[in-house]
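Student: Supplied in structure tokens, the structure appears directly below.
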Ligand SMILES: Cc1cc2nc3c(=O)[nH]c(=O)nc-3n(C[C@H](O)[C@H](O)[C@H](O)COP(=O)(O)O)c2cc1C
């Protein structure tokens, strides 16, 4: 997963991301309360990867660069049978402050998200390919 994260494309190959990885319950469990909803997976997650970025390294692309790295992690996790979920942190209530404090992330970095990792408790059915919203695709 981390190899895939570090191979993520970034604008002008600035690689503005920093990945904070933990399996420490003393950090994972408090993450559950970083939001009023959408963060409860950290009650049971086995690990987390927090993605923080130095926006001064790139020209307004830090969020895109971080999102691509996150997606690479999600895809690598799925490939390995690991359950993974994006918990959005940027501009969500007190989530950035809590995450900075818990993980000792320098103030100059912006925290985009925390990826929760664990063993899936359920198997979700795959997307029905016939129900994909092809009306969102515009041939012009
Ligand atoms: C930018 C972004 C932010 C997200 N934030 C959260 C979140 O804070 N909490 C959460 O449980 N899921 C979050 N998700 C996961 C989405 O809810 C999930 O991808 C969506 O429900 C589709 O599910 P699927 O990927 O299993 O098809 C986020 C996804 C994205 C792309």
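The values are calculated or read from the model by the stated rules, or taken from the named source; none is laboratory data. Keep in mind it's a predicted model, so treat the numbers as computed, not measured. When we count neighbours, we look across all protein chains shown, and the Cβ atoms used for this are built from the backbone with ideal geometry, even at glycine.
Student: Given the options 82, 73, name the one that is modelled with pLDDT of 95 or more, in contact with a helix residue (DSSP H, G or I) (Cβ under 9 Å, 6 or more places away or on another chain) and surrounded by fewer than 19 Cβ atoms within 10 Å (Cβ to Cβ). Quick ask: steps written out before the conclusion?
Tutor: Working: 73 fails: surrounded by fewer than 19 Cβ atoms within 10 Å (Cβ to Cβ).
Matching residue, one of 82, 73: 82.
Student: Going through region 102-124 one residue at a time, which ones are assigned to a loop (DSSP other than H, G, I, E, B) and over 14 Å from residue 83 (Cα atoms)?
Tutor: Step one: list which residues in region 102-124 are assigned to a loop (DSSP other than H, G, I, E, B), which gives 104-109, 119-124.
Those that are assigned to a loop (DSSP other than H, G, I, E, B) and over 14 Å from residue 83 (Cα atoms): 104, 105, 106, 107, 108, 109.
Student: If you take the residues in region 32-60 that are in contact with a strand residue (DSSP E or B) (Cβ under 6 Å, 6 or more places away or on another chain) and in a helix (DSSP H, G or I), which one is nearest to the ligand (Cβ to nearest atom)?
Tutor: 41
Conditions (1) away from the ligand (no atom under 16 Å from the Cβ); (2) surrounded by fewer than 10 Cβ atoms within 10 Å (Cβ to Cβ), marked per residue:
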position	(1), (2)
101	yes, no
105	yes, no
109	yes, no
113	no, no
117	no, no
123	no, yes
129	no, yes
139	yes, yes
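Student: Just one of the numbered conditions (1) within 16 Å of the ligand (Cβ to nearest atom); (2) under 22 Å from residue 120 (Cα atoms); (3) touching a strand residue (DSSP E or B) at 6+ places or on another chain (Cβ under 8 Å) is not true of residue 66; which one?
Tutor: (2)
Student: In addition: Do you know which of the residues in region 43-60 that are over 13 Å from the mean Cα position of the chain (by Cα) and closer than 21 Å to residue 82 by Cβ is surrounded by the most Cβ atoms within 10 Å (Cβ to Cβ)?
Tutor: Residues of region 43-60 that are over 13 Å from the mean Cα position of the chain (by Cα), as a first pass: 43-46, 54-60.
Cutting the leftovers down to closer than 21 Å to residue 82 by Cβ gives us 43-46.
Working: 43: 12, 44: 14, 45: 26, 46: 13.
The residue in question is 45.
Student: Then there is this: Quick one: how many residues across region 7-31 are more than 13 Å from the ligand (Cβ to nearest atom) and touching a strand residue (DSSP E or B) at 6+ places or on another chain (Cβ under 8 Å)?
Tutor: Of region 7-31, the ones more than 13 Å from the ligand (Cβ to nearest atom) are 7-30.
Keeping just the survivors that are touching a strand residue (DSSP E or B) at 6+ places or on another chain (Cβ under 8 Å) gives 8, 10, 16-23, 27-28.
Residues meeting the conditions: 12.
Student: Restricting attention to region 73-99, and to residues there that are assigned to a strand (DSSP E or B) and within 12 Å of the chain's Cα centre (by Cα), which single residue is farthest from the ligand (Cβ to nearest atom)?
Tutor: Our first condition is that a residue be assigned to a strand (DSSP E or B); within region 73-99, this holds for 83-88.
Filter again for within 12 Å of the chain's Cα centre (by Cα), leaving 84-88.
Numbers: 84: 9, 85: 5, 86: 4, 87: 4, 88: 4 Å.
Across region 73-99, the extreme among qualifying residues is 84.
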